[in-house]
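Taking it in order: structure first as structure tokens, then the write-up.
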Amino acid sequence: MFAFFALILPIVLIAAAAIAATISIRNSSVRVTSAGVEVANYRQPVQQVPLAQVDHFEPPAPVGWLSSLRPKTGVLVCADGSRIVVRNLTDPEAGRGIDALNDRLTQLR
């Protein structure tokens with residue numbers, strides 16, 4: 001009986017982590033407007049960054065030996081060097097992905 005739980009428990013924990021990551025990404029958003037960038041990560045306060053303080057979007061640095069299993073997220077790099085994690089890389093007006101968000105920034109400048 002112990003061997004059964006020892007085998008099933010890691011699978012259940014991995015599945016729970018995958019479900020939590022999916023919920024977090026789907027309930028997050030990013031909007032790039034002429035006023036600036038609004039990042040709304042799930043269960044965190046909305047962050048507004050004026051367009052003059054935004055530098056660009058970039059992919060996060062891969063970390064660890066399972067870095068290929070990470071969801072597709074991004075990082076908003078500000079002009080002062082600060083970084084804001086962006087969990088969902090889809091903007092209704094820009095499209096999907098880091099390149100689309102950077103293109104939208106270029107259009108608005």
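For Val75, indicate whether it is part of a strand (DSSP E or B), within 12 Å of the chain's Cα centre (by Cα) and without any contact (Cβ under 8 Å) to a residue 60 or more places away in the chain.
Yes.
Given the criterion of a type in the set (S, T, N, Q) and open to solvent by less than 40 Å² (accessible area, probe 1.4 Å), identify the matching residue among Ser68, Ser24.
Result of the check over Ser68, Ser24: Ser24.
Can you tell me which residues in the range 84-105 are in contact with a Pro (Cβ under 9 Å, 6 or more places away or on another chain) and charged (D, E, K, R)?
Residue satisfying the conditions is Arg87 alone.
Given the condition at pLDDT below 90, open to solvent by less than 100 Å² (accessible area, probe 1.4 Å) and aliphatic (A, V, I, L, M), answer yes or no: does some residue in the range 56-64 qualify?
There is at least one residue in the range 56-64 that is at pLDDT below 90, open to solvent by less than 100 Å² (accessible area, probe 1.4 Å) and aliphatic (A, V, I, L, M).
Would you mention how many residues in the range 33-55 are exposed (fewer than 10 other Cβ atoms within 10 Å of the Cβ) and at negative phi?
Matching residues across the range 33-55 total 3.
Filter the range 21-49 down to the residues that are touching a helix residue (DSSP H, G or I) at 6+ places or on another chain (Cβ under 7 Å) and among the acidic types (Asp, Glu) and list them by number.
Across the range 21-49, there are no qualifying residues.
What about Val30, is it within 16 Å of Thr90 (Cα to Cα) and surrounded by 12 or more Cβ atoms within 10 Å (Cβ to Cβ)?
yes
The values are calculated or read from the model by the stated rules, or taken from the named source; none is laboratory data. The shown structure was predicted, so the numbers you read here are calculated from the model rather than taken from an experiment. Here the Cβ is made from the backbone with ideal geometry for all residues, glycine too, and neighbour counts use every protein chain on show. SASA here: full protein model, heavy atoms, side chains in, ligands and nucleic acids out. Shrake-Rupley method; radii C 1.70, N 1.55, O 1.52, S 1.80 Å.
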